[in-house]
2 protein chains.
Amino acid sequence: MNHSSNDPDSEPNEPLRYLSKDEAAALETELLSDYRFGQQQLIEIWGHACAVAIAKAFPLGTLAKKQPTVLVVCGPDQNGSVGLVCARHLRIFEYEPTIFYPKRSPQTLHQDFTVQCEKMDIPFLSYLPAEVQLINDAYNLVIDAILGPEADHTDVREPYSSILATLKQIKIPIVSVDVPSGWDADEPGTDGINPEVLISLTVPKRCAASFPGKHFLVGRFLPYDIQKKYELNLPEYPGTDCLIQL
Amino acid sequence: MNHSSNDPDSEPNEPLRYLSKDEAAALETELLSDYRFGQQQLIEIWGHACAVAIAKAFPLGTLAKKQPTVLVVCGPDQNGSVGLVCARHLRIFEYEPTIFYPKRSPQTLHQDFTVQCEKMDIPFLSYLPAEVQLINDAYNLVIDAILGPEADHTDVREPYSSILATLKQIKIPIVSVDVPSGWDADEPGTDGINPEVLISLTVPKRCAASFPGKHFLVGRFLPYDIQKKYELNLPEYPGTDCLIQL
């Protein structure tokens with residue numbers, strides 16, 4: 001057997017495909033039902049790799065502030081749990097994450113990820129300062145783990161609409177998980193937040209096709225058959241790395 | 001905050017502690033109940049990191065045989081599922097794992113990990129060749145993910161007693177996951193299998209204290225409080241690495 005790391009039969013020069021949100025949702029459903037991956041397992045893989053990507057984009061020694069502070073803003077669903085796992089691994093990597101998680105999921109799965117962070121003594125904010133200067137001064141960067149590709153960008157409700165209004169004004173870098181919150185996953189955002197770094201989970205979505213910042217792909221576990229079915233033409237991850245910069 | 005990566009209050013020169021099997025079991029119970037880690041989550045973390053350790057100890061370009069074949073022998077419980085996850089990531093890293101999993105667990109958790117391997121087209125052997133030369137010729141190495149620290153080494157039953165008898169005779173390197181199968185977790189084995197590489201999961205057990213081969217520690221997620229409670233004095237993992245060679 002001699003093949004590229006991702007799809008034995010793909011032509012090496014086929015371009016990477018950016019999936020629509022419907023395709024991305026179908027792929028994830030297939031992973032969970034047919035391939036029997038678990039949500040807990042996938043969220044752990046993604047959250048860990050997000051922390052590695054953040055450490056690569058913003059190494060400890062290069063941060064603007066003396067303390068390696070990071071604000072992780074978590075939404076109510078899966079994207080938020082990826083943020084929680086990411087915060088936990090950032091703590092392990094010696095960053096100082098603070099979590100803002102305004103609406104906690106009632107699901108045990110998400111609650112477990114929350115307890116894991118609490119037990120790591122990661123502080124949780126009870127509200128987000130409305131004064132953006134306070135955020136700029138306190139943190140080196142903000143991780144946007146608020147809304148995923150499934151969110152309806154035309155109908156962002158409170159508290160997330162206010163949070164996004166604040167994040168649009170901050171001066172420190174934003175790292176978005178999977179899809180910048182408030183963007184339609186199917187097209188680049190025009191008046192939403194403006195992340196410096198985007199971390200695509202498993203497959204890049206259409207909105208990332210012309211992303212001007214640093215773009216990482218994480219989630220190196222996708223079975224070859226499903227890569228082929230969706231004609232992903234993923235690039236090769238180097239060595240045993242869990243991420244690739246596109 | 002300025003502290004070592006593992007325990008802010010430990011003296012840097014305190015020696016690493018090797019836990020008894022009772023301590024290791026208590027620590028794991030605490031992780032699952034108090035810290036609300038999930039078994040699926042931990043098995044994924046461990047299995048992935050085992051594959052990274054194997055790729056580090058036996059890089060693709062250095063294998064004795066033309067094909068990067070690896071035989072992964074999986075036991076009936078958690079250690080076996082770590083082996084399944086390890087095999088899946090080895091496949092992602094372009095090795096060619098083959099799995100021997102003689103007694104499949106009836107638990108959904110373990111079955112899901114099995115299906116994930118089957119769906120990656122990883123072959124499963126229906127029996128282990130009794131002729132050791134066939135194993136020596138077909139594979140570059142054997143991963144022993146058979147028995148964990150909880151197993152009673154004085155009462156290893158079939159099919160595992162025959163498998164261990166075969167593995168004692170093979171000439172290719174063995175990599176053991178957590179505890180070499182057939183050893184007492186509390187003391188070095190004398191007449192068991194003789195692995196070249198040992199991968200300790202989360203904390204090293206007493207049997208590893210004088211292990212003469214390559215010894216990796218994986219499972220970089222342990223909350224600082226629990227590290228302190230068990231006075232582990234873990235060494236610092238470099239950068240964002242998921243493993244450390246002891």
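The values are calculated or read from the model by the stated rules, or taken from the named source; none is laboratory data. Small disclaimer: the values here were computed from a predicted structure and weren't measured. Glycine gets a Cβ as well: all are built from the backbone with ideal geometry, and neighbour counts include every protein chain shown. What goes into the accessible areas is simple: the full protein's heavy atoms, side chains included, and nothing from ligands, DNA or RNA. Shrake-Rupley method; radii C 1.70, N 1.55, O 1.52, S 1.80 Å.
Considered as a group, the residues in region A:169-184 that are surrounded by fewer than 22 Cβ atoms within 10 Å (Cβ to Cβ) and at pLDDT 95 or above include one that is farthest from A:Gln133 (Cα to Cα), and that residue is A:Pro173.
Filtered by the rule that a residue be in a helix (DSSP H, G or I), free of Cβ contacts under 8 Å to residues at least 60 places away in the same chain and closer than 16 Å to B:Ser81 by Cβ, region A:23-45 gives A:Gln41, A:Glu44.
Any residue in region A:130-146 that is within 28 Å of B:Tyr237 (Cα to Cα), among the acidic types (Asp, Glu) and within 14 Å of another protein chain (Cβ to nearest Cβ)? Within region A:130-146 (the criterion being within 28 Å of B:Tyr237 (Cα to Cα), among the acidic types (Asp, Glu) and within 14 Å of another protein chain (Cβ to nearest Cβ)), the answer is no, since none of the residues qualifies.
Quick one: A:Pro123 ticks every box in (1) more than 14 Å from chain B (Cβ to nearest Cβ); (2) more than 20 Å from A:Trp46 (Cα to Cα); (3) not acidic (Asp, Glu) except a single one, so which number is it? Going through the list (1) more than 14 Å from chain B (Cβ to nearest Cβ); (2) more than 20 Å from A:Trp46 (Cα to Cα); (3) not acidic (Asp, Glu), A:Pro123 breaks only (1).
Out of everything in region B:91-103 that is assigned to a loop (DSSP other than H, G, I, E, B) and within 8 Å of another protein chain (Cβ to nearest Cβ), what residue ends up being least open to solvent (accessible area, probe 1.4 Å)?
Narrowing region B:91-103 to residues assigned to a loop (DSSP other than H, G, I, E, B): B:93-95, B:101-103.
Filter once more, so that each one left must be within 8 Å of another protein chain (Cβ to nearest Cβ): B:93-94.
Values: B:Phe93: 13, B:Glu94: 51 Å².
Looking at the filtered set, the residue picked out is B:Phe93.
Of all the residues in region A:57-84, those that are touching a Leu at 6+ places or on another chain (Cβ under 7 Å) and either without any contact (Cβ under 8 Å) to a residue 12 or more places away in the chain or surrounded by fewer than 24 Cβ atoms within 10 Å (Cβ to Cβ) (or both) number 2. On inspection, A:Ala151 fails the criterion of being small (Gly, Ala, Ser) and open to solvent by 30 Å² or more (accessible area, probe 1.4 Å).
Taking the stated definitions as given, is B:Asp34 open to solvent by 20 Å² or more (accessible area, probe 1.4 Å), at pLDDT 95 or above and facing chain A (nearest Cβ under 9 Å)?
For B:Asp34, the condition - open to solvent by 20 Å² or more (accessible area, probe 1.4 Å), at pLDDT 95 or above and facing chain A (nearest Cβ under 9 Å) - is met.
Being under 30 Å from A:Glu158 (Cβ atoms), acidic (Asp, Glu), modelled with pLDDT of 95 or more and open to solvent by 10 Å² or more (accessible area, probe 1.4 Å) is a property that holds for A:Glu28. Here A:Pro106 fulfils each of the conditions (1) under 22 Å from A:Leu147 (Cα atoms); (2) more than 10 Å from every other protein chain (Cβ to nearest Cβ); (3) modelled with pLDDT of 95 or more apart from (3). Take B:Ala87 and decide whether it is within 28 Å of B:Arg157 (Cα to Cα), touching a helix residue (DSSP H, G or I) at 6+ places or on another chain (Cβ under 7 Å) and either assigned to a helix (DSSP H, G or I) or open to solvent by 20 Å² or more (accessible area, probe 1.4 Å) (or both). Yes, satisfied.
Filter region A:217-246 down to the residues that are among the β-branched types (Val, Ile, Thr), open to solvent by 40 Å² or more (accessible area, probe 1.4 Å) and touching a residue at least 24 places away in the same chain (Cβ under 8 Å) and list them by number. Walk me through it before giving the result.
In the first step, residues of region A:217-246 are kept if they are among the β-branched types (Val, Ile, Thr); the result is A:218, A:226, A:240, A:244.
So of that shortlist, the ones also open to solvent by 40 Å² or more (accessible area, probe 1.4 Å) come out as A:240.
Within region A:217-246, none qualify.
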